[in-house]
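Report on one structure; see the data block that follows.
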Amino acid sequence: MVRGLYTGASGMTAQMARLDSIANNLANVDLNGYKRDTTITKAFPELLMRRMNDDGVYVFPIGSVDTTPIVGRLGTGVEVNEVYTVFEQGAMKQTENDFDIALEGQGFLSVLTAQGERLTRNGAFLVDVEGYLVTKNGEQVLGENGPIKLKKNNFVIDEDGTVWQNAAFAADDRRLVSMQENQWEAIERVDRLKIVDVKRKRYLDKEGSSFWRATDESGEAVVLDGAARPKVRQGFLEGSNVNAVTEMVEMIEVNRAYDANQRTIQTEDSLIGKLWNEVVRV
């Protein structure tokens, strides 16, 4: 009976972890580049139940047969094995904002934070007062040669991630440029976006909702090139890969499983109470 209490409690704990992942996914359903989490559980070893007072030996005139008197298997509970991030491609959303960047394919954009270099799929960028391409929180977006300095209406990014600008307006940082006057008469290469990937994404360390950190288990972040390099889409953003309907259905499933484990504990508790009050007392 006591085993049933632990089995039900472990099931409730596992469902709580699943519910936390679902709630986090739903909270970030509108966050650009967000990748949904899923909780993976692992069952404890099962026990083989046998009938008591039955050796399973049947004797015949010409011999005997030994059949194991097995009733069935008894589960002993579950535990959370890991919270796994699903790196599926999110839907593309056209914004017509030149500072928005989306990756079509596998890979990450590199940004420089106070804690060091981090990886992201959230390409909602802007230009700070010094002219550097940054995230909404001020982290600098990295090119292969360092932070990228730009000027509004004076840059384009091709599918390879190469940043181009009109040198005629690049010298004076205080000079504003309009789309009508920019004739692109002196095109020059600024840099190329630093797009990287790792060998084992499941071992990336997730920081917040948009950043990942490479670990020893995931492997070092390597700059992608050639056919392995994803297409860069300027003026687009990658949405999250969370399906709200699927998450709501899974939430209902989790709530039902949680209730079932809760009823198991309540039943075990009532049986233990009946044992002590009626059987042991006699």
So, of the residues in the stretch 117-134 that are assigned to a strand (DSSP E or B) and free of Cβ contacts under 8 Å to residues at least 60 places away in the same chain, which turns out to be nearest to Arg233 (Cα to Cα)? Phe125
Take the stretch 35-52 and flag every residue that is outside any strand (DSSP E or B), at pLDDT below 75 and surrounded by 11 or more Cβ atoms within 10 Å (Cβ to Cβ). Arg51
Selection from the stretch 147-179 of residues that are loosely packed, with under 12 Cβ neighbours inside 10 Å and either touching a residue at least 40 places away in the same chain (Cβ under 8 Å) or within 30 Å of Ala114 (Cβ to Cβ) (or both): Asp173, Arg174
Give the stretch 53-106 a look and list any residue that's modelled with pLDDT under 85, in a strand (DSSP E or B) and within 29 Å of Thr38 (Cβ to Cβ), or say none. Arg73, Leu74
Condition check for Arg256: exposed (fewer than 12 other Cβ atoms within 10 Å of the Cβ), modelled with pLDDT of 95 or more and more than 22 Å from the chain's Cα centre (by Cα): yes
Please indicate, with yes or no, whether at least one residue in the stretch 111-121 is surrounded by fewer than 18 Cβ atoms within 10 Å (Cβ to Cβ) and more than 25 Å from the chain's Cα centre (by Cα). no
In the stretch 135-175, what count of residues is obtained for those that are assigned to a loop (DSSP other than H, G, I, E, B) and within 25 Å of Glu185 (Cβ to Cβ)? 16
Within 38 Å of the chain's Cα centre (by Cα) and assigned to a loop (DSSP other than H, G, I, E, B): does that describe Ser240? yes
Which condition number in (1) at pLDDT 90 or above; (2) exposed (fewer than 15 other Cβ atoms within 10 Å of the Cβ) is the one that Thr13 fails? (2)
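The values are calculated or read from the model by the stated rules, or taken from the named source; none is laboratory data. This is a predicted model, so every value here is computed, not measured. Note that each Cβ is placed from the backbone with ideal geometry, even for glycine, and that neighbours are counted across all protein chains shown.
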